[in-house]
1. Checking the conditions here, which among Val497, Val474, Val437 is out of contact with any Ser or Thr (no Cβ under 8 Å at 6 or more places or on another chain) and among the β-branched types (Val, Ile, Thr)?
2. Only one of these is in contact with an Asp or Glu (Cβ under 8 Å, 6 or more places away or on another chain) and in the same structural domain as Ile177 (by TED's automatic domain parsing): Lys126, Lys87, Lys75. Name it.
3. Are any residues in segment 451-505 free of Cβ contacts under 8 Å to residues at least 12 places away in the same chain and under 23 Å from the mean Cα position of the chain (by Cα), and if so, which ones?
4. I want to confirm something. Restricting to segment 183-219 and keeping residues that are under 20 Å from the mean Cα position of the chain (by Cα) and closer than 18 Å to Leu264 by Cβ, which single residue is surrounded by the fewest Cβ atoms within 10 Å (Cβ to Cβ)?
5. Which ones in segment 178-229 are small (Gly, Ala, Ser) and either outside the structural domain of Gly242 (by TED's automatic domain parsing) or in contact with a Cys (Cβ under 6 Å, 6 or more places away or on another chain) (or both)?
6. With respect to Ser153, is the statement that it is in a helix (DSSP H, G or I), over 20 Å from Arg199 (Cβ atoms) and small (Gly, Ala, Ser) true?
7. Would you mind telling me which numbered condition in (1) over 19 Å from the mean Cα position of the chain (by Cα); (2) closer than 22 Å to Ile132 by Cα; (3) buried (at least 24 other Cβ atoms within 10 Å of the Cβ) Gly81 fails?
8. Residues Asn222, Asn176: which one is in a helix (DSSP H, G or I), in contact with a Phe, Trp or Tyr (Cβ under 8 Å, 6 or more places away or on another chain) and crowded, with 24+ Cβ neighbours inside 10 Å?
Amino acid sequence: MNSPMSKSSGTNRVIIFDTTLRDGEQSPGASMNLEEKLKIATTLEEMGVDVIEAGFPISSPGDFEAVKRIAQTVKKSTVCGLARATKGDIERCAEAIKPAVSGRIHTFISTSPLHMKYKLQMESEKVYQAVIDSVSHARKFTDNVEWSAEDGSRTEHDFLCRCVEAAIASGAGTINIPDTVGYAVPDEYAALIAMLFNRVPNIDRAIISVHCHNDLGLAVANSLAAVNAGARQIECTVNGLGERAGNAAMEEIVMALRTRSDRLPFTTGVKTENIMKASHLVSTVTGFVVQPNKAIVGANAFAHESGIHQDGVLKNAQTYEIMTPESVGLNRSKLVLGKLSGSAAFKAKLKELGFDLGDNALKDAFKRFKDLADRKREIFDEDIITLVDDEMLRASDTLRFVSLDLHCGSKAPPKAVLELEMDGQLLAATASGDGPVDAAFNAIKSLFPHEAKLQLYQVSAVTEGTDAQAEVTVRLEEHGKSVNGQGADTDTIVASVKAYVNAINKLILKRTRSAPEALSA
């Protein structure tokens, strides 16, 4: 039996491996362009995330370029690329991460009987040899190699031990045991990790990692149980983004470790005060709105409506708050802005909110702030964050919103007069519809014909009040490909048009990218 004091369990430091840009992008509609990925990557680096899984380089030229650019840009975090257990995948990944100060190749293969038989159609011995060959080949390009046993939680223990031992012997410094389909429960998953520590002879030479999906709502619980059993890397995403029910939520992982250090005596390098900024950015970029009752980052996470709760919180916040709003970046503003505020105050507010804009971007943002202040009595921090993120979202758009004139009411069919800009050319159209939103969307279709079907239309308010900005999310589906678009404005119909146009731009991008093979490691 091995001592639990291995490379993994000999330290209380937990490595945070963020896969928002890879596994998170596998959520239907959550495609991101290059500039959006770079923005998220730099935000994750600022947060202190240890490893950023930037993408799957072999899947498309766009994904390769994104991983390469992130590798060139990020200096403090390790930049990781995913590769199947083939030479082509590994070599393409190695090329993409080559510019990184610290780069990692993450290669994987399925090991469960179900996956080997039906997905791979390979015998176990061929899979075992593929583990050795893939890790050995990856080590030719970097000494930082991670190996994953896809569907590890449903793999036979004897075979899993053999594969883990072989991967470590071949040079893998990190071994990931994923709960790929979210099937495990905490005590079972912890026992699996403990079994590996007890049975794999060379396990002290590797860090054990876990990657849990949330199909049964247990991704965070399983991940924390695994850490208690000796794992020292957790793979997670911002807002729990990911395919199907998503992944373990990074913000829940790090705040659980910070809040319950009495039962979970582990630390991370994440600056938790940046959590809200990262959450809002990922939500804006992907169009996946955070549910109000979502732990840590939901709008209601620190809201108290019950009279008893309010009374308790006023007397002592700890009566109903187990963490402070400030600890996750919900700072109580010391600087209130309005229509008379100047550029210096606006710049100071942006700095307080964690934004560092260049001179030109600052001028543009200040102009948009003034426009917003003319339409809205009170400017909340959330308004400014939305304003900056919303513009960032549109920075590289091919199709741009210019103006909308809408005539609607109960006496005549709604009519929308819309102007868009495409590649510098002004386009205009008039259309009617069953309602104002339908009329505006019909005008878009007349200017940019497409076959995409509207799958989702969702409106939420950024702040309280009748003059609040509306944040609209739409999902379009075309030929089996779906994208989310998001837009914000004090006018709900204008926000709707911005969201639809944003989705169209993502469809344009997606038409040039090939869909990667299903990757669930």
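1. Numbers: Val474 fails: out of contact with any Ser or Thr (no Cβ under 8 Å at 6 or more places or on another chain); Val437 fails: out of contact with any Ser or Thr (no Cβ under 8 Å at 6 or more places or on another chain).
Exactly one of Val497, Val474, Val437 is out of contact with any Ser or Thr (no Cβ under 8 Å at 6 or more places or on another chain) and among the β-branched types (Val, Ile, Thr), namely Val497.
2. Result: Lys75 is the single residue among Lys126, Lys87, Lys75 that is in contact with an Asp or Glu (Cβ under 8 Å, 6 or more places away or on another chain) and in the same structural domain as Ile177 (by TED's automatic domain parsing).
3. Taking segment 451-505 and keeping what is free of Cβ contacts under 8 Å to residues at least 12 places away in the same chain, we get 461, 464, 466, 480.
Result: Ala461, Gly480.
4. Leu218
5. Once the filter is applied, which keeps residues that are small (Gly, Ala, Ser) and either outside the structural domain of Gly242 (by TED's automatic domain parsing) or in contact with a Cys (Cβ under 6 Å, 6 or more places away or on another chain) (or both), segment 178-229 yields Ala219, Ser223.
6. no
7. The single condition Gly81 does not satisfy is (1).
8. On the way: Asn176 fails: in a helix (DSSP H, G or I).
Answer to the selection: Asn222.
The values are calculated or read from the model by the stated rules, or taken from the named source; none is laboratory data. Because the structure is a prediction, the values reported are computed rather than measured. Neighbour counts are summed over all protein chains in view; Cβ atoms, including those assigned to glycine, are modelled from backbone coordinates with ideal geometry.
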